[in-house]
Every structure is written in structure tokens, then in C-alpha cells.
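First up is the structure itself, then whatever we jot down about it.
The values are calculated or read from the model by the stated rules, or taken from the named source; none is laboratory data. This is a predicted model, so every value here is computed, not measured. Quick reminder, even Gly has a Cβ in these numbers, built from the backbone with ideal geometry, and neighbours come from all protein chains shown. These area figures cover heavy atoms from the full protein model, side chains too; ligands, DNA and RNA do not enter into them. Shrake-Rupley method; radii C 1.70, N 1.55, O 1.52, S 1.80 Å.
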Amino acid sequence: MAPTQDALYADIDLALSWSERDLPERERTKHVHRIHPYLGKFIPQLVEVLVERYFQPGQHVLDPFAGSGTTLAQALESGLDATGVDVAAFNCLLMQVKTRRYNPFVLERELRGAHARIGETSGERPNVYLRRWYAPQAARELLGFRSVVDDYEHADVLRVVVARAARSARRTTHFDLDFPREPQLEPYWCHKHRRECRPVETAAQFLRRYTLDTLARLKEFAHVRARGRAATVIHGDVRSEPLGRFDGVLTSPPYPGLIDYHEQHRYAYELLELDDRRELEVGAAAMGASRAALAAYSDGIVAALLNTKQSLRRGAPVLIVVNDRRDLYPEILARAGLNLEERLRRHVNRRTGRRAGEFFEDVLVARVR
Ligand SMILES: C[S@@+](CC[C@H](N)C(=O)[O-])C[C@H]1O[C@@H](n2cnc3c(N)ncnc32)[C@H](O)[C@@H]1O
């Protein structure tokens, strides 16, 4: 007889439901995990526990929906090689910057050199997006810094600094940084700080702070990553991209109609002129969650898993972290030829501010048939 859904919940206590006290924010966002905000990531400690239980040091883990690269960075720290695929160019830039090996002397010299040039202007005219979302001085400072970036070997690190500063310098309220709808042009009552706040006028202070913070975070990561292990980043659609050989998969896929993975970093696409492939996102927020959208989503995840499976041997672990409130995954896994072995339930109870509330997610532990 097939096991019931409940019977699949593992009774082993993997202690995946950390409280704020067990796992404070600074631990969840240690070193490279906070070089740029990203809505919809999981935490490195979850990756750490799962990698320890289902993989061996020296193995190679694949994350087919790698996002900001949490799996990759933690895998390097846990002594594994890692490959991440993502369709969004900014996410790939972020992953590359987090996981690349740097010559520490060159990195330090370059970031300090660029830091000294913050405030230089380039005379470039801001485009429509920049004129709408930035005060004139902030736009000048961002464009000025962007124009010096290419003078450096580690231009990509500086591009991430440009993006992070651009996010903070938008004319928006402090409590609506994820998806602001309209520019905030006047002072406003700020729920976050419980006082009147003003929209930002300049970007130089963010450029300075984030250049030094990024340098410190990359140096910290260099001390904790395992020697001889490396990460590879593939920018593409995981349904069709050729992949290599891997020992298993650890991922959190997109969920239908929830997060627009390109739009959340719109400022980066505008400033860094990155390739926008949003029409290839599986479960794109713009498609909503209609019956047709859910069917297209399931087909997309099945296609991604079938392509991924070609890189795995029989019995290899496929770990999927998801809040499957529509119960789509049992069928998705069956169609992809994966056996659901157990479910580990995790209480994500640390959510703050406007996204407060009880929130659970599952780790689906499947194996290649
Ligand atoms: C839930 S997020 C992953 C977050 C990641 N676990 C982290 O910690 O940052 C899902 C990712 O899947 C990516 N994605 C969506 N459709 C894709 C496709 N067709 N091929 C590759 N990646 C895709 C999105 O761009 C997004 O970054």
C-alpha cells in the first residue's frame, strides 16, 4: 500500500525550525549571504543541515533554481563543489561574485581605490526609469560610479555594490523596498522607524558603506570556505540547459504567482544593462495562479526536473524546499520519475514586519528512480 502523506513526515528530529534566539539574523546573513538583498531565499543553516545529512564532503551538488546562491555558498563552506543555474542575469552575477576566488590584495586595493572615487560624475543622462525613481543627485552619483567600474579587474563586485546602493537610494518608503509601486516624493510617516522619514536624495553614502561592507564580507567568506572546492554558475533556462554530472540536487523552486524574480531587481537591470529573460521564469508572478497558470507551472517544474535528472545516478537525492500549499508536488515528482521518500516540515517562525504570520515549508526528500 502507498504511504499516506502524513506517514511520509519523518519522525527524526532534524531541528530545522530555529527560533530567533537559536539563530539570530546576523548568523542567517553571515558573510556573503548579505552582499545584496534577495526576496525568496532560504537560509544557509538549512542548507548546512541537509548537505550534512544527504551528501558527503567532496561531492558536487546542483541547485537548478539557484537564486542568490545560498546553496552554492554554503556548499563551499561545507566542503562540496556546487553548480547553480538561474534564468535571471542579476542572480547569476550575485552568485558569481559571492563564490569566486579572489586575490585578497587585488580585491582590497581595487575596492579601496573605487571607494576613493565615489562622487565622480560622468555627465551621462539618466534614462526614464532613473529620472522617475531617483533624486537628480542620487542618479548622478550612481551613474558616475557605474562609469568607473570597468576600470577594475573586479568590476562585477563593484556592479553588485552599484545595485545594492541603487536599491537603497530609490525614492521609496523604508517599509516598501521589495516592490515599491510609486515613487515617494514627499516626507511620510514611516511604520518601520515610527517617525517621519524623507525620501533619499543622494546615493554616495550607500556606495561608500556597501563598498567597504562587501570587501569585509568577501574577506570573511575567504576564511571559511573549504580549500580546493569551487562553484560554477550557469545562466540559462534549466528546462533546456545542458548540465554536467552531479551527486544530488538541493533547491527551492519558484512557486506560482508569488515573486517576480526579475522585477525585484529592476534597478539593477536598468543600471547595469543586464539581459532580461523574465518570460522564461517558471511560475512567473505576472502569470498569476489561475488553473492554466498552475498547469503551466507544473509542466515547467517537471521539465526542469527531467532535464536535471539526466545529470544524476539512480538513487541520488533530490531535496526540494517548498511551501506546497496547493499540493502540486506529489504529482510533479511522480511525473518527473522521482520517488518521494520523506517530508521534513519546517516552521519558519521568524518573519517580521508586514509579512508577519505563521509560515511552514517542507523539505521534500526524493530519489531518482
Ligand atoms: C525560490 S528562488 C531560489 C532562491 C534560492 N534558494 C536562494 O536561497 O537564493 C527560485 C529561482 O528560480 C529561478 N528560475 C525561475 N525560472 C527558472 C528557469 N526556467 N530556469 C532557471 N531558473 C529559474 C528564479 O529566477 C529564482 O531565482
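Observations on the structure shown:
- A single entry from L130, L107, L93, L76 fulfils the requirement of being at pLDDT 95 or above, within 16 Å of the ligand (Cβ to nearest atom) and over 23 Å from I320 (Cα atoms): L93.
- Tally, over region 67-82, of residues that are under 17 Å from I35 (Cα atoms) and open to solvent by less than 10 Å² (accessible area, probe 1.4 Å): 9
- Among residues of region 256-301, those that are within 29 Å of A169 (Cα to Cα) and not aliphatic (A, V, I, L, M), counted: 18
- The set of residues in region 45-55 being in contact (Cβ under 8 Å) with a residue 40 or more places away in the chain and open to solvent by 20 Å² or more (accessible area, probe 1.4 Å) consists of Y54 alone.
- Selection within region 181-196 - open to solvent by less than 50 Å² (accessible area, probe 1.4 Å) and touching a residue at least 40 places away in the same chain (Cβ under 8 Å): P183
- In region 197-224, the residue that is nearest to the chain's Cα centre (by Cα) out of those that are under 13 Å from I118 (Cβ atoms) and charged (D, E, K, R) is R209.
- Residue that is farthest from the ligand (Cβ to nearest atom) [pool: residues in region 249-274 that are hydrophobic (A, V, I, L, M, F, W, C) and surrounded by fewer than 22 Cβ atoms within 10 Å (Cβ to Cβ)]: L272
- Test result for P199, assigned to a loop (DSSP other than H, G, I, E, B), closer than 24 Å to S68 by Cα and open to solvent by less than 80 Å² (accessible area, probe 1.4 Å): no
- Of all positions in region 295-313, at least one carries a residue that is of a type in the set (K, R) and within 27 Å of G236 (Cβ to Cβ).
- For region 168-180, a residue qualifies if it is buried (at least 21 other Cβ atoms within 10 Å of the Cβ) and modelled with pLDDT of 95 or more, and the qualifying residues are A169, R170.
- Every listed requirement among (1) within 11 Å of the ligand (Cβ to nearest atom); (2) over 15 Å from the mean Cα position of the chain (by Cα); (3) of a type outside the set (D, E, K, R); (4) open to solvent by 50 Å² or more (accessible area, probe 1.4 Å) is met by P242 save one, (1).
- Considering residues of region 28-39 that are part of a helix (DSSP H, G or I) and open to solvent by less than 10 Å² (accessible area, probe 1.4 Å) only, the residue farthest from D260 (Cα to Cα): H31
- Qualifying residues in region 88-144 (those that are closer than 25 Å to L76 by Cβ and not in a helix (DSSP H, G or I)) - the one most open to solvent (accessible area, probe 1.4 Å): R101
- Residue in region 232-243 that is modelled with pLDDT under 95 and either within 28 Å of V49 (Cβ to Cβ) or in a loop (DSSP other than H, G, I, E, B) (or both) present: no
- Failed item, numbered, when R277 is tested on (1) crowded, with 19+ Cβ neighbours inside 10 Å; (2) within 9 Å of the ligand (Cβ to nearest atom); (3) not aliphatic (A, V, I, L, M): (1)
- Looking only at region 331-353, residues that are surrounded by 14 or more Cβ atoms within 10 Å (Cβ to Cβ), at pLDDT below 95 and closer than 21 Å to Y54 by Cβ come to 5 in all.
- Boolean, F42 is near the ligand (Cβ under 9 Å from one of its atoms), open to solvent by 10 Å² or more (accessible area, probe 1.4 Å), under 15 Å from T83 (Cβ atoms) and in a loop (DSSP other than H, G, I, E, B): no
- Count of region 303-329 residues, restricted to those that are within 12 Å of the ligand (Cβ to nearest atom), in a helix (DSSP H, G or I) and either hydrophobic (A, V, I, L, M, F, W, C) or closer than 30 Å to A166 by Cα (or both), is 3.
- Considered as a group, the residues in region 219-239 that are open to solvent by less than 30 Å² (accessible area, probe 1.4 Å) and among the charged types (D, E, K, R) include one that is farthest from the ligand (Cβ to nearest atom), and that residue is R225.
- V85 vs. criteria within 16 Å of the ligand (Cβ to nearest atom) and either open to solvent by 40 Å² or more (accessible area, probe 1.4 Å) or in a helix (DSSP H, G or I) (or both): no
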